[in-house]
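The values are calculated or read from the model by the stated rules, or taken from the named source; none is laboratory data. Quick caveat: nothing in here was measured; it's all calculated off a predicted structure. Don't worry about glycine lacking a Cβ; one is built from the backbone with ideal geometry, like all the others, and counts go over all protein chains shown.
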Amino acid sequence: MTEKRTVVEQFGPAAADYATFSYHAAGPDLAPMLAAAELRGGERVLDLGCGPGHVALLFAPHVSEVVALDPTEAMLVEARRLAGERRIDNVRFELGRAEAVPGPEAAFDRVVSRQSAHHWGDIRRAVGEIGRVLAPGGRFVLIDTFAPEEPSLDGFLNRVELLRDSSHVRDYTVSEWRSMLADVGLEMEEAGTWNIPIEFDSWVRRSRTPETEIAELRRCFGDASPAQRETFEITADRGFRIPVGLIVARGSALRRWSRARRTQARLGTALESHTVTDRSTRATTATNTSI
Ligand SMILES: C[S@@+](CC[C@H](N)C(=O)[O-])C[C@H]1O[C@@H](n2cnc3c(N)ncnc32)[C@H](O)[C@@H]1O
């Protein structure tokens, strides 16, 4: 297998494509994502893995401010350019990863992320960060590719994704998400999935998949079992459908907060640096408003 690329190596050269590629720039999932956030105006929003900023720029006119993080500088360049073109000035695009969100606990009313989580190198740490920075009663809205619960279908999808893009980490199942979110005190309220049609040639072109892996992908699709063919609707020209979904999760004040802290403590993250003052303020608020 060709050497593994880092996310920055994978996404840097593709940043301009992601700024204009129709699914990313104007996908049918953008409106449901905005609706699922149930905004009232005035919210502070965090977008994790913002890429060229499509989600951050969608949310910006409806909220007070958006902080949008991505580890790929070339993506942030595209995002700032798009924000300038649209005269949007309440989004801060910053270099960063989901696993280490800058700022104190409970800093955001909404955390959102689209088509990025399957690239996160340490999902547990990232979900811990979501639990930490989400304000009590806040919402986490995620769009990502989800693996089917059945192991051979899960294995097939993740193998195909990894062959196509060596920076791929894992498409998680909905039940994995439910459990990871529960561990930081977030309760999954909604999960809906749908299938997006994929055209093989442009799919591998977009991710600059090496020839060896393209050949392996063709073999994989050719050797797919009847169940895999049926689930992913594989066609003779290697077209298929990929399962994408929307998850909404909410945290309930003190219980959510303390469970997130316990999980982070288990993970051994150095969260103590995120200000004790803020934590005590939050605990007081939580006591007054919850359970
Ligand atoms: C397919 S793009 C999606 C961009 C954007 N959210 C959208 O909907 O168009 C995936 C993005 O995730 C970013 N990414 C990869 N690993 C990440 C991590 N650990 N934390 C945050 N973002 C990450 C990549 O740099 C890339 O810009």
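Data overview
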read-out	value
Where a residue in segment 112-126 is touching a residue at least 60 places away in the same chain (Cβ under 8 Å) and its partner, wherever it lies, is crowded, with 20+ Cβ neighbours inside 10 Å and assigned to a loop (DSSP other than H, G, I, E, B), with Cβ under 6 Å and at least six apart	SER113/GLY49; SER116/GLY49; TRP120/ALA98; ALA126/ALA98; ALA126/TRP120
Matching residues, segment 73-90, being free of Cβ contacts under 8 Å to residues at least 40 places away in the same chain and farther than 23 Å from ASP165 by Cβ	ARG80, ALA83, GLY84, GLU85, ARG86, ARG87, ILE88, ASP89, ASN90
Single unsatisfied condition, LEU34 versus (1) crowded, with 19+ Cβ neighbours inside 10 Å; (2) under 13 Å from LEU142 (Cα atoms)	(1)
Scope segment 12-39; condition modelled with pLDDT under 95 and assigned to a loop (DSSP other than H, G, I, E, B); matching residues	GLY12, PRO13, ALA14, PHE21, GLY27, PRO28, ASP29
Those residues of segment 22-53 which are under 21 Å from ARG132 (Cβ atoms), within 8 Å of the ligand (Cβ to nearest atom) and among the aliphatic types (A, V, I, L, M), in sequence order	LEU48
Test: residue in segment 186-203 that is closer than 19 Å to TYR18 by Cα, out of contact with any strand residue (DSSP E or B) (no Cβ under 8 Å at 6 or more places or on another chain) and modelled with pLDDT of 95 or more	no
Residue count for segment 157-190, restricted to those that are among the charged types (D, E, K, R), over 30 Å from ARG208 (Cα atoms) and in contact (Cβ under 8 Å) with a residue 60 or more places away in the chain	4
Restricting segment 128-143 to residues that are in a helix (DSSP H, G or I) and away from the ligand (no atom under 12 Å from the Cβ), the residue that is nearest to GLY185 (Cα to Cα)	GLY131
Members of segment 212-271 found to be assigned to a loop (DSSP other than H, G, I, E, B), within 22 Å of GLU99 (Cβ to Cβ) and either hydrophobic (A, V, I, L, M, F, W, C) or modelled with pLDDT of 65 or more (or both), listed by number	ALA270
Residue list for segment 186-245, restricted to those being within 30 Å of GLY137 (Cβ to Cβ) and touching a Lys or Arg at 6+ places or on another chain (Cβ under 7 Å)	LEU186, GLU187, MET188, GLU189
Contacts under 8 angstrom Cβ, first residue in segment 25-43 being farther than 17 Å from ASN195 by Cβ, partner of a type in the set (Ser, Thr, Tyr), 6 or more apart	GLY41/SER64; GLY42/SER64; GLU43/SER64
Segment 2-11: number of residues that are closer than 16 Å to SER116 by Cα and either more than 8 Å from the ligand (Cβ to nearest atom) or touching a strand residue (DSSP E or B) at 6+ places or on another chain (Cβ under 6 Å) (or both)	3
Residue tally, condition within 10 Å of the ligand (Cβ to nearest atom) and either under 10 Å from the mean Cα position of the chain (by Cα) or in a strand (DSSP E or B) (or both), over segment 103-122	9
